[in-house]
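First up is the structure itself, then whatever we jot down about it.
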Amino acid sequence: MPRPFVMRAGVCLACLGMGLSGCSPAPVARGISDPYEAENRKRFERSVQSDRKVLRPVAHAYGEVVPAPFQQIIANFADNLSLPSSIVNDLLQANIGDAVVNTFRFAFNSTIGLGGTMDPATIIGVDARETDFGETLHVWGVQEGAYLVVPFVGPSTERDAVGTVVDLFTNPLKYVVPTPEVYAIPVSGALDTLGTRYRFTGTVDSVLYDSADPYSQARLVYLENRRFQLGGDAEEDYSDLYGNLYSE
């Protein structure tokens, strides 16, 4: 997609955000709406097969070969590169406080933290305020919609599926970092996913391979965590788990 078109689309989103930022956030959904369960279960099974045959063994190879300190460096680097996308969504949500915190964290870790490979911002108490366009839509008043299993993404909802597509274009670094350096963004993110899948092997395997009904368990994990992120109630925080139930 041509970059001028993407930048124009970004301006339109920003204008829309300013127009909708005064709207009330959508209420956090309760219960489960899964009218596409039959098709979702088919995509879920294909995702589990992909995990068993590809993601899980590759993640284990990565985790066993790459020393833990280097995995942490890659994770720090990937997290830092993803922050500009959160800043854009903070602004679209009119959340200036979080935008300032994330901007400071990005600048601090990019300089003092040696390009984001280190995380001195956390040491001084400046934690990331992660967000995405799915949350932006929630703030704008868009309802959650039905539960979906999205190929190559995993558990989602109709609202978050739209957000995932938009977030492919919300990171400003993609339009200012030259090629081939710009490929560091997806590569570091992919490696971080492998590291996370390795670290949470026991928990993820218990959901995907040991549950009586893995589909229902994975759905519950995702919805509980996502609603907790958006201000709802949840018994547990699954933020490190739910994104690694499937390959990305």
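The values are calculated or read from the model by the stated rules, or taken from the named source; none is laboratory data. What you see is a predicted model, and the numbers here were worked out from it, not measured in a lab. Quick reminder, even Gly has a Cβ in these numbers, built from the backbone with ideal geometry, and neighbours come from all protein chains shown.
Which one is surrounded by the fewest Cβ atoms within 10 Å (Cβ to Cβ), of the residues in the stretch 90-110 that are closer than 18 Å to Phe169 by Cβ and over 16 Å from the mean Cα position of the chain (by Cα)?
Within the stretch 90-110, the match that is surrounded by the fewest Cβ atoms within 10 Å (Cβ to Cβ) is Leu91.
Would the stretch 81-89 turn up any residue that is surrounded by 17 or more Cβ atoms within 10 Å (Cβ to Cβ), touching a residue at least 24 places away in the same chain (Cβ under 8 Å) and more than 20 Å from the chain's Cα centre (by Cα)?
No; the residues of the stretch 81-89 include none that is surrounded by 17 or more Cβ atoms within 10 Å (Cβ to Cβ), touching a residue at least 24 places away in the same chain (Cβ under 8 Å) and more than 20 Å from the chain's Cα centre (by Cα).
Somewhere in the stretch 186-197, is a residue out of contact with any helix residue (DSSP H, G or I) (no Cβ under 6 Å at 6 or more places or on another chain) and free of Cβ contacts under 8 Å to residues at least 40 places away in the same chain? Give the steps one after another, and end with the answer.
If we filter the stretch 186-197 for residues that are out of contact with any helix residue (DSSP H, G or I) (no Cβ under 6 Å at 6 or more places or on another chain), which is where we start, we get 186-187, 190, 193.
Still in the running and free of Cβ contacts under 8 Å to residues at least 40 places away in the same chain: 186-187.
Checked the stretch 186-197: at least one residue is out of contact with any helix residue (DSSP H, G or I) (no Cβ under 6 Å at 6 or more places or on another chain) and free of Cβ contacts under 8 Å to residues at least 40 places away in the same chain.
Would you list the helices (runs of 4 or more DSSP H) that sit entirely within the stretch 132-204 and hold 3 or more residues that are within 14 Å of the chain's Cα centre (by Cα)? Give the derivation first.
Working: elements: 133-139, 158-167, 173-176, 184-199.
Fully inside the stretch 132-204 and qualifying: 133-139, 158-167, 184-199.
Under 9 Å between Cβ atoms, at least 6 apart or on separate chains: pull out the pairs that start in the stretch 154-169 with a residue that is at positive phi and end on any residue that is of a type in the set (Gly, Ala, Ser) and outside any helix (DSSP H, G or I).
Gly154/Ser247
Among the listed residues Asn244, Asn225, which satisfies the condition of being modelled with pLDDT of 95 or more and surrounded by 14 or more Cβ atoms within 10 Å (Cβ to Cβ)? Quick ask: steps written out before the conclusion?
Details: Asn244 fails: modelled with pLDDT of 95 or more.
Just a single option satisfies the conditions, and that option is Asn225.
Would you check which residues across the stretch 1-58 are part of a helix (DSSP H, G or I), in contact with a Leu (Cβ under 7 Å, 6 or more places away or on another chain) and at pLDDT 50 or above and list them? Before you say what the answer is, go through the steps one by one.
We begin by selecting, within the stretch 1-58, every residue part of a helix (DSSP H, G or I); these are 3-20, 37-58.
Now narrow it down to the ones that are in contact with a Leu (Cβ under 7 Å, 6 or more places away or on another chain): 13-14, 17, 40, 48, 51, 58.
Listed by number, the residues that qualify are Leu13, Gly17, Asn40, Val48, Asp51, Val58.
Every residue, every condition in (1) in contact with a Ser or Thr (Cβ under 6 Å, 6 or more places away or on another chain); (2) surrounded by fewer than 18 Cβ atoms within 10 Å (Cβ to Cβ); (3) closer than 28 Å to Pro84 by Cβ, yes or no:
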position: Val142; (1), (2), (3): no, no, yes
position: Leu148; (1), (2), (3): yes, no, yes
position: Asn171; (1), (2), (3): yes, no, yes
position: Thr179; (1), (2), (3): no, yes, yes
position: Leu194; (1), (2), (3): no, no, yes
position: Arg197; (1), (2), (3): no, no, yes
position: Ser211; (1), (2), (3): no, yes, no
position: Tyr215; (1), (2), (3): no, no, no
position: Ala218; (1), (2), (3): no, no, no
